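Chemist: Below are the structure tokens for one structure; questions will follow.
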Amino acid sequence: MFRRICFPFLFVVFALVCAAELAINSGVEAGPARRQLALLIGCCGFLAAAATFLHSRAVSRDSTRVLTEMTDAAARVGSSDDPPRVSLANASEIAALGRAFNGMSARIAARIAELEEDRHQLGAILSGMVEGVVALDAEQRVLYVNERAGQLLELNTPPPVGRRLWEVVRQRELLDVVRRALEGPEPTREEINWAGSSARSLTVHAARLAGPPPRGAVLVLHDTSDLRRLERLRQDFVANVSHELKTPLSVIKACVETLVEGAAEDAAARGLFLQRIAEQSDRLHLLILDLLSLARIESGVEVFEFKELSVSSVVEACLERHRTRAESRKQSLTSAAAAGDGPGEESSVWADEEALDQILDNLVDNALKYTPEGGRIHVSWNETNGQVCLEVSDTGIGIPGSDLARVFERFYRVDKARSREVGGTGLGLSIVKHLAQAMHGSVRASSTPGKGSIFSVCLPKGGT
């Protein structure tokens with residue numbers, strides 16, 4: 001720009017000097033002719049100076065415009081998706097600077113777009129994780145919380161980002177884990193019992209961010225509540241199986257020892273002890289059969305032969321198998337279909353016949369056991385939402401509300417003394433639940449203590 005302004009001005013000065021020198025050397029005498037020549041040279045110089053001034057001002061204005069445009073564009077770099085560019089028209093002196101600026105703006109925009117894409121991908125990955133992730137700075141301010149962490153830590157509004165962890169979480173164990181992670185270079189792992197609105201077990205992995213001064217920490221939260229529940233169920237199962245096996249084996253062992261010690265010589269005593277041995281052997285046999293059946297169902301190796309079954313036929317066959325036992329206790333066994341399920345509209349279910357028989361046998365057997373003499377057991381069914389729901393109701397002793405949710409657990413008994421007195425392995429309802437689920441159905445129970453219970457099994461409707 002300096003050259004564009006100075007070179008025309010120097011050219012004009014040089015032209016005037018040359019004209020004056022020419023006039024002097026030509027010997028022009030003083031007079032009108034010489035004054036005219038001087039005036040002409042003066043006019044030419046003035047016009048040349050004016051042209052130079054105007055040209056310089058135009059160049060300066062154009063350069064100022066480009067510089068202003070570059071300043072505005074530089075302020076907008078990174079604030080929009082499209083990289084700002086400057087126009088290089090009539091600005092050849094700063095074209096190199098403009099081209100460099102446009103190239104820099106394009107590179108910055110590409111880098112910002114790449115960083116934004118990486119940020120969105122990272123956010124999508126963290127949001128889709130089943131583990132909770134929390135990022136903290138060195139002052140334990142929350143930098144990031146994914147959705148799962150918000151659920152596990154019960155972080156409600158206002159948003160926790162920017163607040164210190166102890167302001168949003170009131171669990172001492174978790175805060176101690178974070179403190180240890182920030183103080184030492186080694187990652188920290190600890191399982192804590194979360195005492196929130198719902199009790200759960202959380203495994204917390206905490207690691208300090210790398211850097212000479214601690215820059216913060218990252219927490220990864222695993223919900224291990226189901227794992228701990230399954231471990232407790234396994235422990236309870238082993239304990240219950242051991243107890244259920246121990247009781248009949250102890251009776252058998254005591255009877256055998258008594259017979260060996262001389263009771264075998266007494267015919268009356270021998271018959272009594274042998275009868276006890278036979279009863280406990282049958283109990284062990286039933287227990288082992290139920291355990292094997294439950295193991296096959298849970299493992300998925302049980303093969304089911306699904307077909308369309310008439311509900312009324314299956315129910316009547318089940319009641320006939322138990323009618324003699326019910327009549328001996330003056331109990332009534334009845335069945336009825338839902339309204340409208342008459343001739344030509346008989347309900348059918350898509351299930352395995354042997355599995356359905358086992359479900360009904362277990363439910364009716366339980367109802368007979370826990371219904372006093374003279375009571376009533378009723379089996380009904382109805383169709384709803386593409387399923388057939390069978391209900392076994394009784395007028396028995398009922399189940400307390402605190403035990404109702406656990407009656408389908410293995411070996412769970414509401415009244416252990418009475419349950420062993422009436423017989424059974426404690427696995428019947430658990431087998432009912434697993435068989436129903438294996439046939440894409442469900443089971444539920446409702447009860448009123450002292451008035452009776454209702455067990456409902458819903459299975460897919462036949463012909464669908």
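The values are calculated or read from the model by the stated rules, or taken from the named source; none is laboratory data. Fair warning: this is a prediction, and the values are worked out from it, not measured in the lab. Heads up, the Cβs are rebuilt from the backbone with ideal geometry, glycines too, and the neighbour counts pull from every protein chain shown.
Chemist: Does segment 225-234 include one or more residues that are over 24 Å from the mean Cα position of the chain (by Cα), free of Cβ contacts under 8 Å to residues at least 40 places away in the same chain and not assigned by TED's automatic domain parsing to the domain that holds E409?
Modeler: Taking segment 225-234 as the starting set, the residues that turn out to be over 24 Å from the mean Cα position of the chain (by Cα) are 234.
In the following step, the residues that additionally are free of Cβ contacts under 8 Å to residues at least 40 places away in the same chain were identified as 234.
Among the residues that remain, those that are also not assigned by TED's automatic domain parsing to the domain that holds E409 are: 234.
Yes, segment 225-234 contains a residue that is over 24 Å from the mean Cα position of the chain (by Cα), free of Cβ contacts under 8 Å to residues at least 40 places away in the same chain and not assigned by TED's automatic domain parsing to the domain that holds E409.
Chemist: Take the residues in segment 443-464 that are touching a helix residue (DSSP H, G or I) at 6+ places or on another chain (Cβ under 9 Å) and assigned to a loop (DSSP other than H, G, I, E, B); name whichever of them is nearest to C389 (Cα to Cα).
Modeler: Only one residue fits best here, namely G462.
Chemist: Quick check on A337: is it small (G, A, S) and out of contact with any helix residue (DSSP H, G or I) (no Cβ under 8 Å at 6 or more places or on another chain)?
Modeler: no
Chemist: Now for a separate question. Looking only at segment 310-324, how many residues end up being in contact (Cβ under 8 Å) with a residue 24 or more places away in the chain and either among the β-branched types (V, I, T) or out of contact with any helix residue (DSSP H, G or I) (no Cβ under 6 Å at 6 or more places or on another chain) (or both)?
Modeler: 8
Chemist: Could you tell me which of the residues G184, G162, G150 is modelled with pLDDT under 85, touching a strand residue (DSSP E or B) at 6+ places or on another chain (Cβ under 8 Å) and closer than 15 Å to H222 by Cα?
Modeler: Selected residue: G150, the only one of G184, G162, G150 that is modelled with pLDDT under 85, touching a strand residue (DSSP E or B) at 6+ places or on another chain (Cβ under 8 Å) and closer than 15 Å to H222 by Cα.
Chemist: Further, regarding this structure: Considering every residue within segment 412-426, establish whether at least one is outside the structural domain of E244 (by TED's automatic domain parsing), in a helix (DSSP H, G or I) and either modelled with pLDDT of 90 or more or over 24 Å from L287 (Cβ atoms) (or both).
Modeler: The answer is no; no qualifying residue exists.
Chemist: For residues that are assigned to a loop (DSSP other than H, G, I, E, B) and surrounded by fewer than 14 Cβ atoms within 10 Å (Cβ to Cβ), scanning just segment 297-322, find the one that is farthest from the chain's Cα centre (by Cα).
Modeler: Among them, the one singled out is E305.
Chemist: Identify, by number, the condition in (1) exposed (fewer than 14 other Cβ atoms within 10 Å of the Cβ); (2) over 20 Å from the mean Cα position of the chain (by Cα); (3) closer than 15 Å to V220 by Cα that E116 doesn't meet.
Modeler: Going through the list (1) exposed (fewer than 14 other Cβ atoms within 10 Å of the Cβ); (2) over 20 Å from the mean Cα position of the chain (by Cα); (3) closer than 15 Å to V220 by Cα, E116 breaks only (3).
Chemist: For segment 237-286, enumerate the residues that are touching a residue at least 24 places away in the same chain (Cβ under 8 Å) and of a type in the set (A, V, I, L, M).
Modeler: The answer is V241, L245, L249, V251, I252, I277, L284, L286.
So that you can scan it fast, the table gives a plain yes or no per residue for (1) at positive phi; (2) of a type in the set (G, A, S):
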residue: R200; (1), (2): no, no
residue: A206; (1), (2): no, yes
residue: N240; (1), (2): no, no
residue: G262; (1), (2): yes, yes
residue: I277; (1), (2): no, no
residue: R283; (1), (2): no, no
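Chemist: Okay, moving on. Residue check, P214 against (1) in contact with a helix residue (DSSP H, G or I) (Cβ under 9 Å, 6 or more places away or on another chain); (2) at pLDDT 80 or above, all met but one. Which one?
Modeler: The one condition P214 does not meet is (2).
Chemist: Would you mind stating whether V161 is buried (at least 16 other Cβ atoms within 10 Å of the Cβ) and not polar (S, T, N, Q)? Talk me through it step by step, then tell me what you get.
Modeler: On the way: buried (at least 16 other Cβ atoms within 10 Å of the Cβ): no; not polar (S, T, N, Q): yes.
Criteria not met by V161.
Chemist: Has segment 268-287 got at least one residue that is modelled with pLDDT under 80, exposed (fewer than 14 other Cβ atoms within 10 Å of the Cβ) and not assigned by TED's automatic domain parsing to the domain that holds L152?
Modeler: Among the residues of segment 268-287, at least one is modelled with pLDDT under 80, exposed (fewer than 14 other Cβ atoms within 10 Å of the Cβ) and not assigned by TED's automatic domain parsing to the domain that holds L152, which makes the answer yes.
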